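Q: Below is a structure I'd like to ask you about.
The values are calculated or read from the model by the stated rules, or taken from the named source; none is laboratory data. Please read these numbers as outputs of a predicted model, since none were measured by experiment. Ideal geometry is used to build each Cβ from the backbone, glycine not excepted, and the neighbour counts take in all protein chains shown.
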Amino acid sequence: MEAHGVVPDVIDVAPLHILEVRYANNVEVNMGNELTPTQVKDLPVHLSWPKEEGALYTLCMTDPDAPSRKNPKYAEWHHWLVVNIPENNVKRGKTLSEYVGSGPPKGSGLHRYVFLVYKQPHDLKPDEKVLSNRSTENRANFKIKNFAKKYNLGNPIAGNFFQAQWDEHVPKQYKQLNVHVAVE
């Protein structure tokens with residue numbers, strides 16, 4: 001994470017554990033490997049991290065390179081946010097922001113898509129608006145560090161990330177979100 005600038009761009013300290021993330025067709029996230037927006041357009045089929053019995057967790061997927069790594073004026077743009085996950089059963093957590101796959105603008109180069117898991121000190125009662133996968137509202141300029149501080153989550157306990165650049169799926173995603181993006 002340090003080699004790719006996730007530390008310090010997104011978090012201050014690299015997590016001790018690897019968050020296992022796998023998409024359909026055995027597509028795995030592996031500490032900065034390059035995947036395509038087509039490969040990651042749907043929710044991951046597998047997520048796993050070292051869990052404690054009875055503990056609750058927060059999961060986030062965020063892009064610190066919006067709209068580009070050279071001009072990250074919308075960083076971070078969060079793609080997914082789930083709180084109150086019992087152990088590592090994400091489906092039973094409270095989704096604050098539904099999953100939106102990677103969508104780097106054409107010509108913006110590689111973006112980093114960072115998955116982080118935080119162990120919660122207690123059940124969270126978040127005041128953030130719940131976002132559908134058709135909404136861009138409040139996704140830009142999100143900082144997972146600030147969210148973690150607000151809810152006293154400490155440092156992430158697990159993480160992973162991939163990189164992606166534009167492919168032919170991105171315009172479909174923009175249509176779903178009703179956005180038009182230009183890179184400066």
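Q: So is residue 11 modelled with pLDDT of 95 or more, of a type in the set (A, V, I, L, M, F, W, C) and crowded, with 17+ Cβ neighbours inside 10 Å or not?
A: Yes.
Q: Further question on the same structure: Quick one: how many residues across segment 89-112 are under 12 Å from residue 173 (Cβ atoms), surrounded by fewer than 22 Cβ atoms within 10 Å (Cβ to Cβ) and either in contact with a strand residue (DSSP E or B) (Cβ under 6 Å, 6 or more places away or on another chain) or aromatic (Phe, Trp, Tyr) (or both)?
A: Residues in segment 89-112 being under 12 Å from residue 173 (Cβ atoms), surrounded by fewer than 22 Cβ atoms within 10 Å (Cβ to Cβ) and either in contact with a strand residue (DSSP E or B) (Cβ under 6 Å, 6 or more places away or on another chain) or aromatic (Phe, Trp, Tyr) (or both): 1 in total.
Q: Please go through segment 131-158 and give me each residue that is among the small types (Gly, Ala, Ser) and assigned to a strand (DSSP E or B), ordered by number.
A: The one that is among the small types (Gly, Ala, Ser) and assigned to a strand (DSSP E or B): 158.
Q: Please work out which one of (1) within 20 Å of residue 65 (Cβ to Cβ); (2) at pLDDT 95 or above; (3) small (Gly, Ala, Ser); (4) assigned to a loop (DSSP other than H, G, I, E, B) is the condition residue 103 fails and give its number.
A: Every condition holds for residue 103 apart from (2).
Q: Then there's this: Please work out which residue is farthest from residue 4 (Cα to Cα), limiting yourself to segment 158-172 and to residues that are modelled with pLDDT of 85 or more and more than 15 Å from the chain's Cα centre (by Cα).
A: 172
Q: Against the conditions (1) in a helix (DSSP H, G or I); (2) among the polar types (S, T, N, Q); (3) closer than 18 Å to residue 64 by Cβ; (4) modelled with pLDDT under 95, where does residue 176 fall short? Just the number, please.
A: So the condition that residue 176 fails would be (3).
Q: Right, something else. Scan segment 22-72 for residues that are touching a residue at least 60 places away in the same chain (Cβ under 8 Å) and among the charged types (D, E, K, R) and report the count.
A: Within segment 22-72, residues that are touching a residue at least 60 places away in the same chain (Cβ under 8 Å) and among the charged types (D, E, K, R) number 3.
Q: Can you pull out every residue in segment 33-70 that is in contact with a Gly (Cβ under 9 Å, 6 or more places away or on another chain), surrounded by fewer than 18 Cβ atoms within 10 Å (Cβ to Cβ) and either of a type in the set (S, T, N, Q) or within 20 Å of residue 146 (Cβ to Cβ) (or both)?
A: 38
Q: Go through (1) aliphatic (A, V, I, L, M); (2) more than 14 Å from the chain's Cα centre (by Cα); (3) not in a loop (DSSP other than H, G, I, E, B) for residue 124 and report which single condition fails.
A: Result: residue 124 fails condition (3) only.
Q: Filter segment 135-180 for residues that are of a type in the set (Gly, Ala, Ser) and surrounded by 15 or more Cβ atoms within 10 Å (Cβ to Cβ); which is farthest from residue 9 (Cα to Cα)?
A: 135
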